[in-house]
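Colleague: Take a look at the following structure, please.
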Amino acid sequence: FISSVFNAKTAELISHHQVEINQSFPKEGWVEEDPKEIMQSVYECMERTCEKLCQLNIDVANIKAVGVTNQRETTLVWDKETGEPLYNAIVWLDLRTQSTVESLINKAPGRNKNHLKHKTGLPISTYFSAVKLRWLLDYVDEVHQAVLSKRAMFGTVDSWIIWCLTGGRNGGVHCTDVSNASRTMLFNIHTMDWDPELCRYFDVPMEILPKVKSSSEIYGWMKSSSLAGVPISGCLGDQSAALVGQMCFKEGQAKNTYGTGCFLLRNTGTKPVMSDHGLLTTVAYKLGKDEPACYALEGSVAIAGAVVRWLKDNMGIVQSSEEIEKLAAAAGTSYGCYFVPAFSGLYAPYWEPSARGIICGLTQFTNRNHLAFAALEAVCFQTREILDAMNQDSGVPLTQLQVDGGMTSNRLLMQLQADILCIPVVRPTMSETTALGAAMAAGAAEGVHVWSLSPCHLPHVTSENYEPQINPDESEFRFARWKKAVQKAMNWETTEPFYNTNGLGRKLNSTPWGVPPTPPPTRVDP
């Protein structure tokens, strides 16, 4: 979690503080976070940032508004009477709902995973919140009971944070914004509201849903901490916030964020564009109650920065995230080694949950430096696949790519990206664009008005350019080899049980061979 303070005239970052949030992996494919730890980190970051402001002789009273940005799709349910979470937050990457998704697709006409796309802009996938919420309703008795007794509240992380900051069980505001709501599969991106038919499809009670607001308006006021009384007036999902922070307000402008995953968004203006090439149609932002909503085409890659974390934490190949650049630079090539990090299946443009990670093209010559290079190339190849899909959908090829996010400090990665895309890559020198976008939305809200979003008032941001340096033919050859590797990663896993000689059923995400699997908890109906 990061807390940042910006100057509303210059967009300059004045102060910030960061706290790492722990993720837990209770079973293979499961990813969770503790909602209370999320809030502790929010309060700690805000207090430490305020302390740093005081050390800079800046009065905290100068803070005029607070904006919230969050990883989208991560799903929580809590008790509105006690204020307690009823289960851990299920993180966007989580795969526990794969069997739910498969049964939903099997029931859809023609087994079409795009059955709901006309309303949601999304394929039926483990990625989105509705299936995670369905799992909580089915398998967590506390959630089921709280729904029956009208005590349950559902939200993505933005809703949880805003509810807690505005008072929690003592008058907390239960809301979300259009950019987050559009990632739940329960929201109609045309009517801009929760859709009764979609809620019936997933059997989700509408009374547990937050109120949907624009991305820039006063939702409520801070109840405690050094910022008590300050309005919370901006809310954007992280990728939308980065689009705003990169000032991609014109139709056709695009940005790619390199975080845990990789997210390429292209502004399509006030009309939703449906993709024929595996991209998502999402609500980019609605900057004010009476302003029109703007849409984006989005390509989502599940594993980008997470591949470096895997090389560090799981394999011990690198000691720190920075070391990967040195190792890869020492090799200068992957030497024919290709790495498809489909740890959570493949997202855009394939939407193939059965894919799994694969490293191929290994020889006796291959060493960890080549593997480090292949891991960085994997991030670039995945971006290239999305960019190609986006160019086909829009009919107007992108001439440069604006980038942001933690991984963009890796200069080798940025150069590789320009080489593999064959177009320039432009990186702003101030890389905190996601936080900046949330600050801009908060500062521009009616009743705050400390930030102007009109084109003539947008601050000029300095940037670094990376030009392609290799022969396009070589780039095409490497990309074709990558696509071959992707095909080999497909259809690896299945949720179909099979029975070994001991008669023990084994399913995906189950226990090791020879150990009887534990069945999921059964739902207890009243």
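Colleague: For the chain, what does the helix formula give at 222 nm: sum of -39500 (n - 2.57) over DSSP H segments with n ≥ 4, over the residue count, nearest 500 deg cm²/dmol?
Modeller: -9500 deg cm²/dmol
Colleague: Suppose R0 equals 45 Å. What FRET efficiency, 1/(1 + (r/R0)^6) with r the Cβ-Cβ distance, do H190 and Q364 give to the nearest 0.05?
Modeller: 0.20
Colleague: Hey, another quick one. Can you pull the Rg over Rh of segment 338-438, Cα-only, Kirkwood?
Modeller: Result: Rg/Rh = 1.00.
Colleague: Could I ask something else about it? Over the Cα atoms of segment 253-366, compute the convex hull volume and normalise it per residue, giving Å³.
Modeller: Values: hull volume 17.2 nm³, N = 114.
With only Cα atoms used, segment 253-366 gives 151 Å³ per residue.
Colleague: Under a 1.4 angstrom probe, counting protein chains only, how are K119, K27, K52, K132 ranked by accessible area, largest first?
Modeller: K27, K52, K119, K132
Colleague: Computed FRET efficiency, Cβ-Cβ of Q40 and E476, R0 51 Å: what is it to the nearest 0.05?
Modeller: According to the calculation, E is roughly 0.55.
Colleague: Right, here's the next one. If we restrict to alpha carbons, what Rg and Dmax does segment 1-104 come to, in Å?
Modeller: Answer for segment 1-104, Rg first and Dmax second: 17.8, 59 Å.
Colleague: Still on this structure: Please work out the Cα center distance from segment 466-489 to segment 213-269, rounded to the nearest Å.
Modeller: What the calculation gives is 33 Å, centre to centre.
Colleague: Can you order the peptides 323-333, 375-385 by their average number of other Cβ atoms within 10 Å per residue, highest first?
Modeller: 375-385, 323-333
Colleague: Equivalent ellipsoid semi-axes for segment 365-493, as square roots of 5 times the alpha carbon gyration tensor eigenvalues: give them largest first, rounded to whole Å. Walk me through the intermediate numbers first.
Modeller: Details: eigenvalues 233, 55, 51 Å².
Equivalent ellipsoid of segment 365-493: 34, 17, 16 Å, largest first.
Colleague: Calculate the length of the line joining the C-alpha centroid of segment 425-446 to that of segment 274-295, in whole Å.
Modeller: Using only Cα atoms to place each centre, the spacing works out to 18 Å.
Colleague: Please report, in Å, the Rg and the Dmax of segment 66-135, where both are computed over Cα atoms only.
Modeller: Cα only, segment 66-135: 14.4, 46 Å (Rg, Dmax).
Colleague: Give me the accessible area per residue for the chain, probe 1.4 Å, as a whole number in Å².
Modeller: Ligands and nucleic acids excluded, the result is 42 Å² per residue.
Colleague: Another one. Sort 467-480, 62-75 for me by packing, meaning the mean count of neighbouring Cβ atoms within 10 Å per residue, highest on top. Walk me through the numbers before you get to the answer.
Modeller: Values: 467-480: 12.8, 62-75: 23.8.
Going from most to least packed, we get 62-75, 467-480.
Colleague: Any idea of F6's accessible area? Nearest 10 Å², probe 1.4 Å.
Modeller: 30
Colleague: Restricting everything to alpha-carbon atoms, can you work out Rg to Rh for segment 23-79 with a Kirkwood hydrodynamic radius?
Modeller: With Rh from the inverse mean 1/r over Cα pairs, Rg/Rh is 1.12.
Colleague: Leaving out same-chain residues fewer than 8 places away, which lysines sit with a Cα under 17 Å from that of K107?
Modeller: Qualifying lysines at Cα under 17 Å: K117.
Colleague: Also, quick follow-up: Calculate, in whole percent, how much of the Cα-Cα pair population of segment 2-238 lies beyond 25 Å.
Modeller: Values: 11965 of 27966 pairs.
Result: 43 percent of Cα pairs exceed 25 Å.
Colleague: With a 1.4 Å probe and all protein chains kept in place, how much accessible area does I21 have, in Å² rounded to the nearest 10?
Modeller: Rounded to the nearest 10, that gives 30 Å².
Colleague: Suppose accessible area is computed on protein heavy atoms with a 1.4 Å probe; arrange R169, R200, R48 from highest to lowest.
Modeller: Most to least solvent-accessible, the answer reads R200, R169, R48.
Colleague: With all protein chains present, calculate the accessible area of Y43 using a 1.4 Å probe and round the result to the nearest 10 Å².
Modeller: 70
Colleague: May I pose another question? With the full set of protein chains in place, find how many percent of the accessible area of segment 2-238 is carbon and sulfur; take the probe as 1.4 Å.
Modeller: Carbon and sulfur together cover 49 percent of it.
Colleague: Something else: Over segment 328-391, what lengths in whole Å, largest first, do the semi-axes of the equivalent ellipsoid take, defined as the square roots of 5 times the eigenvalues of the alpha-carbon gyration tensor?
Modeller: Value: 24, 14, 8 Å, ordered largest first.
Colleague: Additional query: Dimensions of segment 391-452 along principal axes (Cα, Å, largest first)?
Modeller: 46, 31, 14
Colleague: What percent do you get for the relative contact order of the chain when only Cα pairs under 8 Å and 6+ apart count?
Modeller: Relative contact order comes out at 15 percent.
Colleague: Dividing the Cα radius of gyration by the Kirkwood radius, what Rg/Rh value follows for segment 201-245?
Modeller: Ratio value, two decimals: 1.11.
The values are calculated or read from the model by the stated rules, or taken from the named source; none is laboratory data. What you see is a predicted model; the values in this text were computed from it and never measured. Every residue, glycine among them, receives a Cβ derived from its backbone with ideal geometry; neighbour counts consider all protein chains shown. Quick note on the areas: whole protein, heavy atoms, side chains included, nothing else; ligands and nucleic acids left out. Shrake-Rupley method; radii C 1.70, N 1.55, O 1.52, S 1.80 Å.
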